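Values quoted throughout were computed directly from the atomic coordinates according to the rules given, and no laboratory measurement underlies them. From a predicted model like this one, the values you see are computed outputs, not experimental measurements. Cβ placement follows ideal geometry from the backbone for every residue including glycine, while neighbour counts extend to all protein chains displayed.
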Amino acid sequence: MIGTTPAVVLVHDGQQKSISIEKTGFKSASGALSYAAPYNLNFDLEKVAPTTFTRTMEPTWAGIEVRQDMDFEKAWNAIVDLLSRRFDLEVISKDNGYLRTNWLYTWTGTMSEDYRVRVTVKFAPNHSKVEVKSEAHFNTGGGWVLGTDEALIQTLKTDIMGSVGRATR
């Protein structure tokens, strides 16, 4: 390791050196230097999406059956409470059994302007089932790539199942 950028690398006559640049959250890049007049070697690092991000044009819905002993009012309140602890709620329509959160830029544990997630929940018309999906966007620098966050959907399914769901065989 030579150090952090910018760095000076000395190359003697007849030598060639390989240079690798690494930065967390980016693909590493490499290049070669050979003996010549001093010059700058520049790298454009490509951002890497979180490992939980899956690119998809249409995120899939996960379904959870509501316990028979739980009425819609209790189930609705439990889900609103669960989501409002992590997200700001953007759309709430109890009459339609529909809820969508605002985009969250801190799901990965750190603030990121390049990665965001949101959640949509909808009840079946007879209120016997809750469906949930996560949407995720990753900004490559050239625009937002659409997808889903697998860890978020698994966490939501587990949390919703624990609060309003019933065991199925």
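Using bins of 5 Å that start at zero, the share of Cα-Cα pairs per bin across region 1-75 amounts to 3, 10, 14, 13, 9, 8, 7, 6, 5, 5, 4, 4, 4, 3, 3, 1, 0, in whole %.
For region 53-128, what does the equivalent ellipsoid look like in terms of its semi-axes, each the square root of 5 times an eigenvalue of the Cα gyration tensor, given largest first in whole Å? Working shown, then result.
Numbers: eigenvalues 132, 42, 23 Å².
Working through the eigenvalues yields semi-axes of 26, 14, 11 Å.
With the convex hull of its Cα atoms as the shape, region 118-169 has an orientation-averaged projected area of 4.6 nm². Here the chain is treated with +1 on each Lys and Arg Cβ and -1 on each Asp and Glu Cβ, and its dipole about the Cα centre works out to around 300 debye.
Packing order of peptides 58-68, 13-23, highest average first: 58-68, 13-23 (average count of other Cβ atoms within 10 Å over each peptide's residues). Which of 155, 19, 117 sits farthest toward the positive end of the charge dipole of the chain, with +1 on the Cβ of Lys and Arg and -1 on the Cβ of Asp and Glu? Towards the positive end, the residue furthest out is 155. What the phi angles of region 96-106 give under the Karplus curve with 6.51, -1.76 and 1.60, with θ = phi - 60°, is a coupling list of 9, x, 10, 8, 9, 8, 7, 5, 10, 9, 10 Hz, glycine and proline written as x. Charge tally for residue 93 (other residues, Cβ to Cβ under 12 Å; Lys, Arg +1; Asp, Glu -1): +1.
Rounded, prolate or oblate: which one fits the chain, using the alpha carbon gyration tensor with axes a ≥ b ≥ c (rounded when a/c is under 1.5, else prolate when a/b beats b/c, else oblate)?
Working: a/c = 4.09, a/b = 3.70, b/c = 1.10.
It comes out prolate by the Cα gyration axes.
Whole-percent P(r), region 70-169, all Cα pairs, 5 Å bins from 0: 2, 12, 23, 23, 17, 11, 7, 3, 1, 0.
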